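S.K.: I have a structure I would like to understand better, so I am pasting it below and will then ask my questions one at a time.
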Amino acid sequence: MKPIGPIPPAFAGQQGELTIGGVTVSALAEVAGQTPFYAYDLDLAARQVARFRAAMPNSIDLHYAVKANPHPSVIKHLMTLTDGLDMASGGELARVRDCGADMEHVSFAGPGKRDAEIELALTLGATLNLESEHEAASALMIAERLGVTPRLAVRVNPDFELKGSGMSMGGGAKPFGVDAERVPALVRILLDRGADWRGFHIYSGSQSLDAAAIAECQRASLALAADLANAIGEAPPTVNLGGGFGIPYTANDSALDVEAVGSALDSELGRRDGVLKDTRFMIELGRWLIGEAGVYVARILDRKVSKGEIFLVTDGGMHHHLAASGNFGMVMKRNYPVAIATQMGVEASETATIVGPLCTPLDRLAADMAVPRAEIGDLVAVFASGAYGLSASPTGFLSHPNAVEIVVEDEKVTF
Ligand SMILES: *Cc1c(COP(=O)(O)O)cnc(C)c1O
């Protein structure tokens with residue numbers, strides 16, 4: 001038997017049929033019109049935002065990193081609760097434009113921006129987080145052609161990284177950002193060319209559960225921003241301190257102590273270099289805001305036994321949820337938080353492996369998990385699925401039907 005990850009507090013301890021946002025999974029399946037589906041509880045996302053606000057210094061702005069979950073209802077909901085949105089592509093930018101986002105608080109990072117993406121950002125008035133000198137030159141040229149003053153920040157490749165993070169994005173040679181030592185010269189060019197220089201973007205990693213490691217990165221980011229500003233001789237209007245707040249996925253994980261991150265940051269802000277005294281700071285989060293608010297639900301199609309082992313075969317799998325199968329940025333395959341959604345709180349009586357319908361051994365939602373006896377027709381819930389779920393999965397693989405996405409807010413279900 002292999003342990004499962006921790007079921008998020010909103011769902012742990014439920015009895016009988018699982019409810020999401022107060023609605024039973026079978027009622028949700030009815031509205032969705034099918035299984036598998038993803039359901040996002042928007043009230044839980046709002047609760048995370050409130051928790052962030054309570055834990056962090058008041059002066060810190062919160063941005064939502066849309067790539068974690070680009071569903072329009074999720075974007076619209078988080079857009080009203082946060083202070084800005086961070087994009088990773090022109091496609092995301094078009095999406096938030098269609099959602100009615102205020103472009104003054106939208107930024108766009110990511111290497112290899114095409115001219116058309118840069119043009120879209122500049123036309124809309126979003127801030128480009130420049131990833132290279134070439135990108136800076138393109139942005140200045142396109143802005144001149146359009147006759148606009150470009151809002152430009154520089155993404156810095158810092159010399160440090162977020163320790164213990166699932167995905168490191170700083171420290172050493174990286175495709176992201178401009179090496180710190182070349183940043184002052186680049187910013188001077190932006191200033192000389194009359195750009196609206198917005199400051200620095202310093203992102204050093206993702207999915208960390210270690211409050212001390214995040215606090216250390218924020219301290220180092222503040223010091224780096226001050227050094228760069230002093231070298232340039234101009235104060236940055238904004239500094240994006242990155243994010244990296246993780247959520248628990250597997251049995252070895254425990255929740256991040258955000259309150260500890262907040263109090264450490266409060267002290268660091270108090271002793272920051274004078275050059276940053278009027279700077280606005282922001283933190284950009286995806287996963288931590290929406291990850292635990294999402295549940296992926298699939299139905300058991302078959303129950304079979306092979307050499308004494310029980311396999312529960314569902315209509316969902318890695319084609320909708322690559323991360324739960326352990327194939328998205330995970331070094332070791334460990335079980336996500338998974339439950340038989342139609343039998344919450346029922347004592348386990350057997351060990352089963354839950355798989356999807358794909359013809360590959362990679363398609364596994366949970367291995368050797370202790371479960372109550374589940375039958376064909378029972379529903380399986382995969383928790384912690386609100387971020388990097390459907391949009392981070394190979395949905396075309398094997399040409400099965402796609403999953404449906406629904407949102408629940410105030411016990412009302414919509415698409
Ligand atoms: C992916 C990404 C994020 C969001 O990361 P989470 O782990 O979802 O919080 C934020 N900023 C940048 C630059 C990213 O690439």
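S.K.: Please give the number of the condition S393 fails out of (1) within 25 Å of the chain's Cα centre (by Cα); (2) closer than 21 Å to I20 by Cα.
M.R.: (2)
S.K.: Being closer than 27 Å to S107 by Cα, hydrophobic (A, V, I, L, M, F, W, C) and in contact with a Pro (Cβ under 7 Å, 6 or more places away or on another chain) is the filter here, so list the residues in region 239-272 that pass it.
M.R.: Hits for region 239-272 are L265, L269.
S.K.: Turning to a different aspect of this structure: Mind telling me which of the residues D41, D86 ends up being modelled with pLDDT of 95 or more and either over 23 Å from M318 (Cα atoms) or within 15 Å of the ligand (Cβ to nearest atom) (or both)? Don't jump to the end; show me each part of the working.
M.R.: Working: D41 fails: either over 23 Å from M318 (Cα atoms) or within 15 Å of the ligand (Cβ to nearest atom) (or both).
On inspection, the qualifying residue turns out to be D86.
S.K.: Hey, can you tell me all the residues within region 212-227 that are within 15 Å of the ligand (Cβ to nearest atom), touching a helix residue (DSSP H, G or I) at 6+ places or on another chain (Cβ under 9 Å) and of a type outside the set (S, T, N, Q)?
M.R.: I214
S.K.: Counting only residues that are within 16 Å of the ligand (Cβ to nearest atom), of a type in the set (A, V, I, L, M) and not in a strand (DSSP E or B), how many does region 105-150 have?
M.R.: The number of residues fulfilling the criteria is 3.
S.K.: To continue, here is another question. Considering region 251-299 alone, what residues qualify as being within 16 Å of the ligand (Cβ to nearest atom), out of contact with any strand residue (DSSP E or B) (no Cβ under 8 Å at 6 or more places or on another chain) and not in a helix (DSSP H, G or I)?
M.R.: Within region 251-299, D253, A255 meet the criteria.
S.K.: Let me ask you something else. Would you confirm, using the coordinates I've provided, whether A341 is in contact (Cβ under 8 Å) with a residue 40 or more places away in the chain and closer than 22 Å to Y249 by Cα? Break it down into steps so the answer makes sense when it comes.
M.R.: Working: in contact (Cβ under 8 Å) with a residue 40 or more places away in the chain: yes; closer than 22 Å to Y249 by Cα: yes.
Against the criterion (in contact (Cβ under 8 Å) with a residue 40 or more places away in the chain and closer than 22 Å to Y249 by Cα), A341 qualifies.
S.K.: Which condition from (1) more than 27 Å from D41 (Cα to Cα); (2) out of contact with any Gly (no Cβ under 7 Å at 6 or more places or on another chain); (3) surrounded by fewer than 18 Cβ atoms within 10 Å (Cβ to Cβ) is the one that D102 breaks?
M.R.: Exception for D102: condition (1).
S.K.: I need every pair where a residue in region 143-167 that is within 14 Å of L222 (Cα to Cα) and aromatic (F, W, Y) has its Cβ under 6 Å from the Cβ of a residue that is more than 12 Å from the ligand (Cβ to nearest atom) and at pLDDT 95 or above, sequence separation at least 6 or different chains.
M.R.: Hits for this filter: F160/A220.
S.K.: For region 19-72, how many residues meet the condition of being closer than 20 Å to K412 by Cβ and outside any helix (DSSP H, G or I)?
M.R.: Counting residues in region 19-72 that are closer than 20 Å to K412 by Cβ and outside any helix (DSSP H, G or I) gives 15.
S.K.: Also: Quick one: would you say V305 is more than 16 Å from the ligand (Cβ to nearest atom) and under 18 Å from the mean Cα position of the chain (by Cα)?
M.R.: Values: more than 16 Å from the ligand (Cβ to nearest atom): yes; under 18 Å from the mean Cα position of the chain (by Cα): no.
Judged against the criteria, V305 is not a match.
S.K.: Can A173 be described as among the small types (G, A, S), in a helix (DSSP H, G or I) and more than 14 Å from the ligand (Cβ to nearest atom)?
M.R.: So A173 fails the test.
S.K.: Something else about it: Sort through A339, A387 and tell me the only one that's within 21 Å of A10 (Cα to Cα) and assigned to a loop (DSSP other than H, G, I, E, B).
M.R.: Of the residues listed, the single one that is within 21 Å of A10 (Cα to Cα) and assigned to a loop (DSSP other than H, G, I, E, B) is A387.
Okay, residues lined up against (1) in contact (Cβ under 8 Å) with a residue 12 or more places away in the chain; (2) surrounded by fewer than 16 Cβ atoms within 10 Å (Cβ to Cβ):
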residue	(1), (2)
V305	no, yes
E309	yes, yes
G317	yes, no
H321	yes, no
A367	yes, no
S385	yes, no
Y388	yes, no
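S.K.: Does A153 satisfy the condition of being within 19 Å of V183 (Cα to Cα), more than 19 Å from the chain's Cα centre (by Cα) and in a helix (DSSP H, G or I)?
M.R.: Taking the combined requirement at face value, the residue does not satisfy it.
S.K.: So, A374, is that one part of a loop (DSSP other than H, G, I, E, B), touching a Lys or Arg at 6+ places or on another chain (Cβ under 8 Å), within 16 Å of the ligand (Cβ to nearest atom) and not polar (S, T, N, Q) or not?
M.R.: Here the answer is no, as A374 does not meet what is asked.
S.K.: Here's a follow-up. Show the residue pairs that are 6+ apart or on different chains and have beta-carbon atoms under 6 Å apart, the first residue being within region 217-245 and touching a residue at least 12 places away in the same chain (Cβ under 8 Å), the second being in a helix (DSSP H, G or I) and charged (D, E, K, R).
M.R.: Filtered contacts from region 217-245: R219/E268; L222/E268.
S.K.: Do the conditions hold for R155, that is, is it away from the ligand (no atom under 12 Å from the Cβ) and basic (K, R)?
M.R.: Answer is no for this residue.
The values are calculated or read from the model by the stated rules, or taken from the named source; none is laboratory data. Here the structure is a predicted model, which is why all the values come from computation and not from measurement. Virtual Cβ from ideal backbone geometry, glycine too; neighbours counted across all protein chains shown.
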